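Below is one structure, written out as structure tokens; comments come after it.
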Amino acid sequence: MATIIDGKALAAKVKEQVRQEAASLPRRPGLAVILVGDDPASRVYVNSKRKDCEECGFYSEEFALPASTKQEELLTLVGKLNGREDIDGILVQLPLPSGLDERAALLAIDPGKDVDCFHPYNVGRLTIGEPAFQPCTPGGVMEMLREYRIDPAGKKCVVLGRSNIVGKPMALLLLHAHGTVTICHSRTPDLAAECAAADILVSAVGKTGLITADMVKEGAVVIDVAMNRNAAGKLCGDVCFDEVREKASFITPVPGGVGPMTRAMLMRNTLTAAKNHQR
Ligand code: NAP
């Protein structure tokens, strides 16, 4: 029976460390969050980020713009925030309403304030193994592995999903930690066989019930990044938790696994940016 990796508890620990370090800085870290439109899920995420900032003793400012906002208005706001000394991190909540160019918005953020680690400059630094910031979700996964003394070195690591936000940076971090990494996606012919070979399996697909026990090696570490809603509207991951737990050595729950860690890593990145700005 697998040990459950408690993301909620670890996230609380990380945030407490961040709070203590932030308190020792001459100026408190500041995070600006831009929300365009009224997507309910995005609103929930933005509210959580404000709460996290309060817990960590950060200054936070929210910019709620109407869905009718023009690209130039968004870029002008980002430009102003780039120049503000009390703002260390800038986050544009994705997805943006149709008609707005996400790529241009992310490119406009000063890389030193790109606490989501989405700017191509920061992605490049991550690729060469010299990251300024940790990508929040994959960084949270690595923190969980460290906490539970799971070393990817020499292990076969299989990442399901190749998005820029999760799959690709996750694979890079595992590679930098000396794992032998396979990335799977919708064109992978035999997903079950790839999964069954994994010592560490990270699923970031977004399909409820995708990973069943027969696809998992005895004793594997199973990390479920997905945040799906099942037919009853309940939050769940890609992994059939109850049956896979019987076979795995470690497993993350959904909720209470990777989600809280993503939020904690954003706070850590904002602290890092603030330290850099106050050097
Ligand atoms: P995404 O951009 O939709 O990417 C999904 C990936 O899964 C794609 O690479 C896709 O392949 C692949 N895929 C789709 N069907 C597949 C299949 N049958 N077999 C293998 N691969 C398949 O999603 P994302 O933004 O990376 O997010 C993935 C999941 O993580 C979602 O559930 C999301 O809600 C969750 N998430 C959680 C957190 C957190 O903090 N816990 C943060 C971000 C995202 P192709 O590239 O070939 O289309």
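The values are calculated or read from the model by the stated rules, or taken from the named source; none is laboratory data. If you're wondering where the values come from, they're calculated on a predicted model, not measured in any experiment. Just the protein is used for accessible areas: all its heavy atoms, side chains included, with ligands, DNA and RNA removed. Shrake-Rupley method; radii C 1.70, N 1.55, O 1.52, S 1.80 Å.
Solvent-accessible area per residue in the chain equals 46 Å², computed with a 1.4 angstrom probe and all protein chains kept. Excluding same-chain neighbours fewer than eight residues apart, the aspartates and glutamates reachable from Lys207 by a Cα-Cα span under 19 Å are Asp190, Glu194, Asp224, Asp238, Asp242, Glu243.
Within the assembled protein chains, the solvent-accessible surface assigned to Ile200 is about 0 Å², based on a 1.4 Å probe.
Relative contact order of the chain: 24 percent, from C-alpha pairs under 8 Å at least 6 residues apart in sequence.
Using a cut-off of 31 Å between Cα atoms, the listed pairs Lys13/Lys168; Lys234/Lys275; Lys51/Lys247; Lys113/Lys168; Lys80/Lys234; Lys155/Lys234 include Lys234/Lys275; Lys51/Lys247; Lys80/Lys234; Lys155/Lys234 as exceeding that distance. With respect to the chain, whose longest principal axis is taken over its alpha-carbon atoms, helix 136-147 is tilted by about 50°. Taking Tyr148, Tyr45 and ordering them by how much accessible surface each has at a 1.4 Å probe, largest first, produces Tyr45, Tyr148. For the chain, the longest principal axis of the Cα atoms and the long axis of helix 258-277 meet at an angle of about 40 degrees. Using θ = phi - 60° and the Karplus relation 6.51 cos²θ - 1.76 cosθ + 1.60, list the HN-Hα couplings for the stretch 237-242 in order, rounded to whole Hz, with x at every Gly or Pro. Calculated HN-Hα couplings, in order: x, 7, 8, 6, 4, 4 Hz.
Between 0 and 90 degrees, the angle of helix 167-176 with respect to the longest Cα principal axis of the chain falls at about 80 degrees. A 1.4 Å probe, protein heavy atoms only, puts the accessible area of Leu77 near 30 Å².
Distance between the C-alpha centres of the stretch 127-151 and the stretch 153-176: 10 Å, rounded to the whole angstrom.
Share of carbon and sulfur in the accessible area of the chain stands at 53%, probe radius 1.4 Å. Classify the stretch 180-265: rounded, prolate or oblate, from the alpha-carbon gyration tensor (a ≥ b ≥ c, eigenvalue square roots; a/c under 1.5 rounded; otherwise prolate if a/b is larger than b/c)? Taking the square roots of the gyration eigenvalues as a ≥ b ≥ c, the stretch 180-265 is rounded. Per-residue ellipticity at 222 nm from helix content only, as computed over the chain with -39500 (n - 2.57) for each DSSP H run of at least four residues, stands at -12500 deg cm²/dmol.
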